[in-house]
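These notes are about the structure you will find just below.
The values are calculated or read from the model by the stated rules, or taken from the named source; none is laboratory data. Since this is a predicted model, take the numbers as computed values, not measurements. Reconstructed Cβ throughout: ideal geometry from the backbone, glycine too, with neighbour counts over all protein chains shown. Side chains included, ligands, DNA and RNA excluded: accessible areas come from the protein's heavy atoms. Shrake-Rupley method; radii C 1.70, N 1.55, O 1.52, S 1.80 Å.
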Amino acid sequence: MASSYFTHLECGSGCGAGPFDPRERHFLCPSCKLPMLARYDLKAARAWKKESLLDRAPNMWRYRDLMPLLAADAPVTLGEGFTPLIHAQRLGATLGLERLLIKDESLNPTNSFKARGLSAAVSRARALGAETIFLPTAGNAGNAAAAYAAAAGMKCEVFIPKDAKQPFIDECRLYGANVTLVDGLITDAGRVATETAAGKGWYEVSTFREAGRAEGKKTMGYELAEQLNWTLPDWIIYPTGGGTGIVGMWKAFAEMEAIGWLAAGQRPKMVSVQADGCAPIIRAFDNGAETAGTWDNAHTVADGLRVPRAIADFLILRTLRESGGGAVAVSDAELVKDMLLLGSLEGVSAAPEGGAALSAIRHLVAQGRIKPQETVVLFNTGGALKYLDAIR
Ligand SMILES: *Cc1c(COP(=O)(O)O)cnc(C)c1O
């Protein structure tokens, strides 16, 4: 049997609710309605040695001892994770950076890092006996949910804005999901999803509504450490929508320090990147606010960043500040240009969100915040293929 240190869930807001039983379904905190996080017996996990990774398969479940599955439960996997960390020398040279690294998440199943979160969330849903999962999506999350539901033999109900790019809608259907087109943004899709699901016993896998999505994304933090031989970069530049990755990686760093895999005091500066047509996290960061509220008239070609309200805003903002990082808004014109540069200089298929991360690095270098010799990790969160209309 696999080993697991998963013990319970608790409210991520610090309201004190919990512990909650890991063998039961839990969504938002029953007392404050904010996201719950998975917790582990980190003292006992000090017995888990990183040398044990050497003979494990190169996918994100190599870290399954600290994933939200009990020892008897099997993951639903399509081989997600352990994506390349590329030294982008040509692109780095144009920015005056010696060590610009691209974490290429476009190589995950269904072409984005959403595979990680949905692999974990669907695994937990199946372990808890769910038959149907549902979620609102801007595109990539729906594709990943549909694929993992298919692999698990479960049904999938996807709620997606009517104006989402056609490849996202078609790919949900490819994996056998039932698709509902909704007038409006992902937040409107979320409302329709909740109304439709009421009383049906469907299991919700929306961003931060259950604990699995953030745990899947946290494996990016474990991987970076492993791929950098148990060190961390100076900077992580992350295109942010719902924020599962930024919150998840910060959690991963804390866990690795607690189990003795990383020395304290070497965490990176975390930077959230958003498009200037939808930048609630950037606005809140600049205003010194603890929560972000809702962004009106959200628009950007980077669909994954078109998230006018993030339920875990307070966790994202806390992470950016604790890390000494920052928040950068970039224009659609520059992020599309940088999407093309990632392609033409490095051969990397970048989603507009990946382009946005490059634009943000350019801003931070120009401001003198990123220094030439520092190690910078650019997250290319998805591939270009479903967004090719953006470059026409
Ligand atoms: C969803 C998505 C994002 C935002 O990810 P979060 O972890 O929810 O902030 C960024 N890029 C792409 C390509 C996405 O699909």
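One table, with the values for the structure above:
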{"read-out": "Odd one out for K386, checked against (1) part of a loop (DSSP other than H, G, I, E, B); (2) near the ligand (Cβ under 10 Å from one of its atoms)", "value": "(1)"}
{"read-out": "V182 vs. criteria in contact with a strand residue (DSSP E or B) (Cβ under 6 Å, 6 or more places away or on another chain) and at pLDDT 95 or above", "value": "yes"}
{"read-out": "Those residues of the stretch 349-392 which are among the aliphatic types (A, V, I, L, M), closer than 22 Å to P167 by Cα and crowded, with 24+ Cβ neighbours inside 10 Å, in sequence order", "value": "A350, A351, A356"}
{"read-out": "Leading residue by the ranking (nearest to the chain's Cα centre (by Cα)) among those in the stretch 249-271 that are more than 19 Å from T7 (Cβ to Cβ) and among the aliphatic types (A, V, I, L, M)", "value": "M249"}
{"read-out": "Residues located in the stretch 244-261, provided they are open to solvent by less than 10 Å² (accessible area, probe 1.4 Å) and assigned to a loop (DSSP other than H, G, I, E, B)", "value": "I259"}
{"read-out": "Residue match in the stretch 212-235 (condition: within 16 Å of the ligand (Cβ to nearest atom), assigned to a strand (DSSP E or B) and either open to solvent by less than 30 Å² (accessible area, probe 1.4 Å) or under 27 Å from M154 (Cβ atoms) (or both))", "value": "no"}
{"read-out": "Output for the stretch 115-144, where each listed residue is over 16 Å from V158 (Cβ atoms), more than 16 Å from the ligand (Cβ to nearest atom) and touching a helix residue (DSSP H, G or I) at 6+ places or on another chain (Cβ under 8 Å)", "value": "S123, R124, R126"}
{"read-out": "Failed item in (1) under 15 Å from the mean Cα position of the chain (by Cα); (2) within 15 Å of the ligand (Cβ to nearest atom); (3) part of a helix (DSSP H, G or I), with G241 passing the rest", "value": "(3)"}
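Yes/no matrix, rows are residues, columns are (1) among the polar types (S, T, N, Q); (2) open to solvent by less than 40 Å² (accessible area, probe 1.4 Å):
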residue	(1), (2)
H87	no, no
R90	no, no
N111	yes, no
A115	no, yes
V122	no, yes
A125	no, yes
